[in-house]
1. So which residues in region B:1-22 are of a type in the set (A, V, I, L, M) and assigned to a loop (DSSP other than H, G, I, E, B)?
2. Those residues that are part of a helix (DSSP H, G or I) and of a type outside the set (K, R), I need them from region B:383-408; list them, please.
3. When A:R199 is evaluated against the numbered criteria (1) touching a residue at least 60 places away in the same chain (Cβ under 8 Å); (2) among the charged types (D, E, K, R); (3) under 29 Å from A:E235 (Cβ atoms), which criterion, by number, is the only one it fails?
4. Kindly list the number of the only condition in (1) among the aliphatic types (A, V, I, L, M); (2) more than 8 Å from chain A (Cβ to nearest Cβ); (3) free of Cβ contacts under 8 Å to residues at least 40 places away in the same chain that fails for B:V264.
5. State the number of residues belonging to region B:1-48 that are over 29 Å from A:F209 (Cα atoms), β-branched (V, I, T) and buried (at least 22 other Cβ atoms within 10 Å of the Cβ).
6. Checking A:T69 against (1) within 14 Å of chain B (Cβ to nearest Cβ); (2) of a type in the set (S, T, N, Q); (3) in contact with a helix residue (DSSP H, G or I) (Cβ under 8 Å, 6 or more places away or on another chain); (4) not in a helix (DSSP H, G or I), which test does it fail?
7. How about region B:254-281: which of its residues are assigned to a strand (DSSP E or B) and either modelled with pLDDT under 95 or of a type in the set (A, V, I, L, M, F, W, C) (or both)?
8. Out of region B:282-306, which residues are in a strand (DSSP E or B), more than 7 Å from chain A (Cβ to nearest Cβ) and closer than 15 Å to B:G128 by Cβ?
Number of protein chains: 2
Amino acid sequence: MSKFAVLGHGVVGSGTVELFLKNKDRINKQSNIDLDLKYILDIRDFPGLPYSDKFTKDINDILNDDEVTIVAEVMGGVHPAYDFVLACLNKGKSVCTSNKELVAKKGAELLKAAKEHGCNFMFEASTGGAIPIIRPLHSCLAANDITAVAGILNGTTNFILTKMITDKMSFADALAMAQRLGYAEKNPAADVEGADACRKICILSSLAFGRHVYPDWVYCEGITELTLEDVSYAENWGGEVKLIGSVKRTEDGKILPMVAPRFVCSGCQLANIDDVFNGVMVFGDGFDQVMFYGRGAGKLPTASAVMGDVIDCAKRTGTDLSLFWEDSEEPDFIEDYQLDTVQMYIRVNNSDKAEIEKLFGEVEYLSREGQPENELAFITPAAAEGSLNAKLEYLGEKVLGKIRVFDM
Amino acid sequence: MSKFAVLGHGVVGSGTVELFLKNKDRINKQSNIDLDLKYILDIRDFPGLPYSDKFTKDINDILNDDEVTIVAEVMGGVHPAYDFVLACLNKGKSVCTSNKELVAKKGAELLKAAKEHGCNFMFEASTGGAIPIIRPLHSCLAANDITAVAGILNGTTNFILTKMITDKMSFADALAMAQRLGYAEKNPAADVEGADACRKICILSSLAFGRHVYPDWVYCEGITELTLEDVSYAENWGGEVKLIGSVKRTEDGKILPMVAPRFVCSGCQLANIDDVFNGVMVFGDGFDQVMFYGRGAGKLPTASAVMGDVIDCAKRTGTDLSLFWEDSEEPDFIEDYQLDTVQMYIRVNNSDKAEIEKLFGEVEYLSREGQPENELAFITPAAAEGSLNAKLEYLGEKVLGKIRVFDM
């Protein structure tokens, strides 16, 4: 018999309770376990719910109850979630979380605490929502040398981009629509400036390459500067603009994590992921490439991933040591993105082909409907990003936009 | 310390050995295990290989060596694989297999043997090649009520279809090309007539719904009748023809597994899976839908999945009881496909719209380049397949083709 507690009865928390209570008999039969929910922690009151007897406002009720061996943390934010999670792990209780900020900022420490106390810290729900990606990375694909991971990791920005691409809505209008539909927060900065995708690529990078990658160490660019002109040129080029979180091992054995909008060619699986859906591609020596697709957020999809971890903890004895990475103090294993070789889409005005070709060499010119005479858009040959940026600096105010080409 | 043996040194077997030896140190470190290869069973001689000391021709060397706790069966075929696997399980050795025929025909029995002897029978590689699908189904998605699974499960036919769609090659020419490239066997029946996809949907059905589904119980249709005319009409309709293995729970609590070509609309994730790639969609109450994409066959991709299971066995103590289904004696839980509600694409000649509409009601007519005057193609409204088939029988020799519309 395993009893679990849910910390937080917000959107994901109430979904977790709902999904478990609905499928409890099926879960226990199919997974051959005997799992039940004992507590829900929330400072608010929820009168009239059929499970209102399970609420508590005091984390100590959970910490001090030896019957509770698994805790689902779905509060979000670092505090007090971090303190609660660490206290649970120190008591030998496994924790399953959907909290990407917590994992991205404190993952190594919490994994270490779990290992020391013979329990588990799991976070399938922190990245890609319902999509199984954490377990495949460290378990199903464990025979491989993982070389890169890249994905559409934020549903809000993907919805906005889909509206810009499909309906030719401006960024501002598409954002307003996302807010009306409840996909974007009133303050949308964490989504549209890339911080949310950054946390997720930190988690995937840490797991794939074995050392904690902190968000501050990752070059991160959002979609706030993106225009419909860029979207049109991408279409002419044969692809779409997507916000891609990516990490790859570089030739000198470092890794390069990054979040940035990218030109993605239409033949790539990531180009076909629309609306609020997420998709994650993984590259490795044996399997070549796999892609995982599904709902990256939402009440029940996130609850599905949290409960998958809770069920795994109920089946398991001891710590799963393949779900682990070492802490890191310095970003000395993170490659300078300026050294990376990229092709770049560039849009300029008041220049001419002679100047462009003298600077960049043989470029591929793009066109769009309504293209002004003094506007040029093109794709550069592959070059070190630093050298391309130096040329863009030389062009100064002539530069209207630049977007890296996705090349995995 | 875990030692494993590989049964069969063919394409997948040699790939399994190669991938393990290449990544051995990385695997042992990341998964926190101490795994090594001890035997390779093959009746043939392979002189000059760097691991030639590991070969044996006698299964008893493996069966009687208590150091060997895990066996990778990558021989293919039911005999002698079945006898070897059963003997290993009866000795308490876990078995990991890529053998879809074995799992589809003997899975329930072998799972029972594993459970009785406290070991594991695993088969991630049997379905979808490198794609993690077995573990996600019974582990990551375990909190959900799975309602349906559908996928492109055979890379050979998907390659042929891609050539027909993209390059307008005939079925015969595309098959010949697949044979030249080594994607199709000299005798391609198992692929093009659907038997391979059928085995895989049997495995997915058994796992998703808990009872063994035998291949003989599944309605199975290949792509040998498919014409370029059908492909053109599908394009006009807004999609592609794909060979889909599918299973869904029906309203009366039975399940309906099936393999058949389908019209798949271009917005569906499965329409974007081309060439030899596979993709599997899973539907359930919490996560809604997820899709897994990757290489469905090949030396190293299949080896990646086999080794993922071997590593899991090395980490595990005891049987994973969530990877289990009951045997079944009668197909009384399999729905008659004629009772299923479908839309159907139908192509006829020597008929007219009056006759068609009298029979089928309000249909959606399709057109194609070079369409003869006496040819009609259309999509029917949704109806019980039995009633549609009765109407097709009435039309008799006028019917040139029919393909079900994919509607998940």
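1. B:M1 - this is the single residue of region B:1-22 that is of a type in the set (A, V, I, L, M) and assigned to a loop (DSSP other than H, G, I, E, B).
2. Those that are part of a helix (DSSP H, G or I) and of a type outside the set (K, R): B:E385, B:G386, B:S387, B:L388, B:N389, B:A390, B:L392, B:E393, B:Y394, B:L395, B:G396, B:E397.
3. Among (1) touching a residue at least 60 places away in the same chain (Cβ under 8 Å); (2) among the charged types (D, E, K, R); (3) under 29 Å from A:E235 (Cβ atoms), A:R199 violates only (3).
4. Condition not satisfied by B:V264: (3).
5. Total satisfying the criteria: 1.
6. Here A:T69 clears every test but (1).
7. B:I255, B:L256, B:M258, B:V259, B:A260, B:F263, B:V264, B:C265, B:F277, B:V280, B:M281 - these are the residues of region B:254-281 that are assigned to a strand (DSSP E or B) and either modelled with pLDDT under 95 or of a type in the set (A, V, I, L, M, F, W, C) (or both).
8. B:V282
The values are calculated or read from the model by the stated rules, or taken from the named source; none is laboratory data. This one's a predicted model, so the numbers in the text were calculated from it and none came from an experiment. All Cβ positions, even for glycine, are placed from backbone atoms using ideal geometry, and neighbour counts span all protein chains on display.
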